[in-house]
Each structure stands twice: as C-alpha cells, then as structure tokens.
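Colleague: Please read through the structure below; I'll follow up with questions.
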C-alpha cells in the first residue's frame, strides 16, 4: 500500500516510534494523520507539526478506540492504515503483580484486538485496509528479565498472524513490527535505564535488547513504510533477529541453553532474574 492520499491512525504517537511513523506517513503524502496518545499534550504537539488530529486516549479503553475510529470516519473518510503502537516495558518475573500483568496484557494485546474490531468492518466493506501492529523481537524470541513483556509481545505476533490468515481474502493486509532496542521512551522509562542514570552511568541504552545496536525511530519508521508498500508481514529493523528466530526453530533446546548463557553473562554478579522468587 502506498500512503499517498491515505488516512492513517497511529496510537502511541506522542513520542518515539509512533511519532516517527506519524511523521513518516505525513511525509509520504498521507491525506490526514490521527495522532493518538495517552499524553494528549504530546499528541497535540505532533499533530500540530503535521496538520493532523490529536486524540488523547487510553488504548485499554475499547469504547474510546471505537469513538476515535467513528469520529475519524465521519471527519476524514475511510481509514486506510491503523497503526497500533502503544507499549511499555517492565523488569519482573513471576513476582510481578496480577494487576501489572493485566495492564500490560491490555496495552500490548487487547488494544490490538480493540483496534481491529473497530476498524476492520469499514475496511472489509470497501475491500482494502492495512494494520501495522508494533510487537517486538521479544515476541519472536523472549525478553530476559521481563516475563510479561515477553508473553504479551508473543501474543501480539500471534494475533497479527491470525489476522493476516483470517482476513487476507477480504483485502486486509497486516504487518508486525519486531525491533530490538530503539531510542524511544520505552528505553528511557525502563527501570534498567533509570537505575543507570541515577548512578551517573549514561552508557546504558536498551539493556538486554541493545546488543545489535539501538536504532533511531525515524529509521525504523522508514522500514515500516517499506514493509507496507511491499505488503510484508514481519518488519525486522535488526536483521540479526531473523537468524536468531531460525536458530530457535531449528534446535530449541540449543537455543534455550544459549539464552541461559546469555542471561548469566548479563549478570556477572551471579544474581539472576529468577532469584527474585526465593524459597
């Protein structure tokens, strides 16, 4: 899909990847871009720069997503591309509270379901539409030290696969973005980053996910638009991820052993994430 003269909605667009995608869509000739974010002020800042519409929204609220879709349809016509991008990361394992786990589940998976429910009927009615869902390389592999991020991003990938299989014949195309570390608020808000900053160490960028580099959001956004033009399902800004996925599929036990070694190397003091659960 080319974005010239298209209507685009981007969630989590007040900063980071979402902001970069909104700006890239505008630069690619989109007729109108809806900039949605939990932080209404940041959404307004981005929308003001690109002549778009700002929407303050909590993507966990299905009614709010439905209302945003309906208002966009009324004001600007059919939505061509819906980008479900809102997300965040925590560092915890089994000790994480049920409330915290549920919140991330709603942001990383249910929000994508809510968006698809809201926007697909009008897309299917005209035989065309595109969903770009932000997941993570953690959804294809795992995220050492973050149980909930790992499992919710894996669910996001699986949902994208299901949507592509189920609605392809109705003209719906789906891409899933699976980066490693990107220089965004999801990195800066990480407990690991905050701990490093508090100690005066400014060398930490992306923690466990940064081994293959920390990318600029604008570069990742450009890769997303390339994937949309090519109607390619997986968007892998870090090409190394494809090799890791292949290794995992070929010999999962060997891959698990390698990940355990990697985890140990990340914690030279010998205190591993699982040690938070004590007998």
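Values in this text are rule-based calculations from the coordinates and carry no lab data. Given the structure is predicted, the values throughout are model-derived calculations rather than measurements. FYI the Cβ positions are ideal-geometry reconstructions off the backbone, even for glycines, and counts take in every protein chain you see.
Colleague: Surrounded by 21 or more Cβ atoms within 10 Å (Cβ to Cβ) and in contact (Cβ under 8 Å) with a residue 24 or more places away in the chain: which single residue out of 29, 52 fits that description?
Modeller: It is 52.
Colleague: Take residues that are under 28 Å from residue 1 (Cβ atoms) and tell me which of the helices (runs of 4 or more DSSP H) falling wholly in region 205-275 contain 1 or more. Lay out the reasoning, then the answer.
Modeller: On the way: elements: 217-230, 240-250, 252-266.
Helices (runs of 4 or more DSSP H) meeting the threshold: 217-230, 240-250.
Colleague: If you scan region 233-257, which residues turn out to be in contact with a helix residue (DSSP H, G or I) (Cβ under 8 Å, 6 or more places away or on another chain) and surrounded by fewer than 17 Cβ atoms within 10 Å (Cβ to Cβ)?
Modeller: Passing the criteria: 233, 247, 254.
Colleague: List pairs: first residue in region 219-247 and without any contact (Cβ under 8 Å) to a residue 24 or more places away in the chain, second residue surrounded by 13 or more Cβ atoms within 10 Å (Cβ to Cβ) and in a helix (DSSP H, G or I) anywhere in the structure, Cβ distance under 7 angstrom, at least six positions apart or on different chains.
Modeller: That search, which allows pairs on different chains as well, returns 247/255.
Colleague: Suppose the filter is exposed (fewer than 14 other Cβ atoms within 10 Å of the Cβ) and either within 22 Å of residue 160 (Cβ to Cβ) or more than 25 Å from the chain's Cα centre (by Cα) (or both); does residue 222 pass it? Break it down into steps so the answer makes sense when it comes.
Modeller: On the way: exposed (fewer than 14 other Cβ atoms within 10 Å of the Cβ): no; either within 22 Å of residue 160 (Cβ to Cβ) or more than 25 Å from the chain's Cα centre (by Cα) (or both): yes.
In short, no.
Colleague: Then there is this: Pick out, from region 94-185, the helices (runs of 4 or more DSSP H) lying fully within it that include 3 or more residues that are surrounded by fewer than 17 Cβ atoms within 10 Å (Cβ to Cβ) and without any contact (Cβ under 8 Å) to a residue 12 or more places away in the chain. Full working, then the answer.
Modeller: Details: elements: 98-105, 111-126, 137-140, 147-167.
In region 94-185, 98-105, 147-167 are the helices (runs of 4 or more DSSP H) which contain 3 or more residues that are surrounded by fewer than 17 Cβ atoms within 10 Å (Cβ to Cβ) and without any contact (Cβ under 8 Å) to a residue 12 or more places away in the chain.
Colleague: Quick one: would you say residue 17 is over 30 Å from residue 266 (Cβ atoms) and crowded, with 16+ Cβ neighbours inside 10 Å?
Modeller: no
Colleague: When you check residue 71 against the structure, is it closer than 26 Å to residue 143 by Cα and in a helix (DSSP H, G or I), yes or no? Walk me through it before giving the result.
Modeller: Values: closer than 26 Å to residue 143 by Cα: no; in a helix (DSSP H, G or I): yes.
When the stated conditions are applied, residue 71 does not pass them.
Colleague: Do you know which residues across region 14-58 are in contact with a helix residue (DSSP H, G or I) (Cβ under 6 Å, 6 or more places away or on another chain) and farther than 21 Å from residue 75 by Cβ?
Modeller: Those that are in contact with a helix residue (DSSP H, G or I) (Cβ under 6 Å, 6 or more places away or on another chain) and farther than 21 Å from residue 75 by Cβ: 15, 16, 17, 19, 20, 24.
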